[in-house]
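Chemist: Below are the structure tokens for one structure; questions will follow.
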């Protein structure tokens, strides 16, 4: 008996096991990936610094709780003003709004900062962010060019979930800095955001 004849079944078995492992890994990635997604080109958001009504929004969806106790914090930045809303429940009832004047130079600087942090880097996806990371936060980033929503990306505080691919912690910090510290701390005192 030739030694090659003895090795062939072993190689066939190893190849079969390898294929099974590959199929399992691909199935797991398909379910964990948050839906079908495809890479998108990064949009140069700085081009819209002087576009009327353009704005950047961060929505922080706090941990999943009963409707009465659920909170969201929304920060919107534009050339004319910065606004922070504290929202109760899942239907978006605004509890508190705080607004601040802004100007074109400050907005252009903010957009440049976000650009350097890959804010517009993400994947398109049909996945819904609701239900992911129920004990943590979901972060939803949106950019409006004044007329249209150019992109919406999301991620969570639970790790690599969602479609957002920018520098999360730095971007969150920049949004928070668009609201005066005393007001931000006062308005979010009893809201469990930035949980991880």
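The values are calculated or read from the model by the stated rules, or taken from the named source; none is laboratory data. All of these numbers come straight from a predicted model, not from anything done at the bench. Please note: Cβ atoms are built from the backbone with ideal geometry, for glycine as well, and neighbour counts cover all protein chains shown.
Chemist: Could you grab me the full set of residues in region 1-52 that are at pLDDT 65 or above, within 21 Å of the chain's Cα centre (by Cα) and assigned to a helix (DSSP H, G or I)?
Modeler: 45, 46, 48
Chemist: Within region 155-171, how many residues turn out to be in contact with a strand residue (DSSP E or B) (Cβ under 8 Å, 6 or more places away or on another chain) and over 21 Å from residue 48 (Cβ atoms)?
Modeler: Of the residues in that region, 6 qualify.
Quick grid of which residues meet (1) out of contact with any helix residue (DSSP H, G or I) (no Cβ under 9 Å at 6 or more places or on another chain); (2) crowded, with 16+ Cβ neighbours inside 10 Å:
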residue: 42; (1), (2): no, no
residue: 54; (1), (2): no, yes
residue: 65; (1), (2): yes, no
residue: 71; (1), (2): yes, yes
residue: 75; (1), (2): no, yes
residue: 81; (1), (2): yes, no
residue: 88; (1), (2): yes, yes
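Chemist: List the strands (runs of 3 or more DSSP E) that sit entirely inside region 91-196 and contain at least 2 residues that are touching a residue at least 12 places away in the same chain (Cβ under 8 Å) and more than 21 Å from residue 71 (Cα to Cα).
Modeler: Because the criterion is at least 2 residues that are touching a residue at least 12 places away in the same chain (Cβ under 8 Å) and more than 21 Å from residue 71 (Cα to Cα), the strands (runs of 3 or more DSSP E) in region 91-196 that meet it are 93-101, 123-125, 138-144, 149-156.
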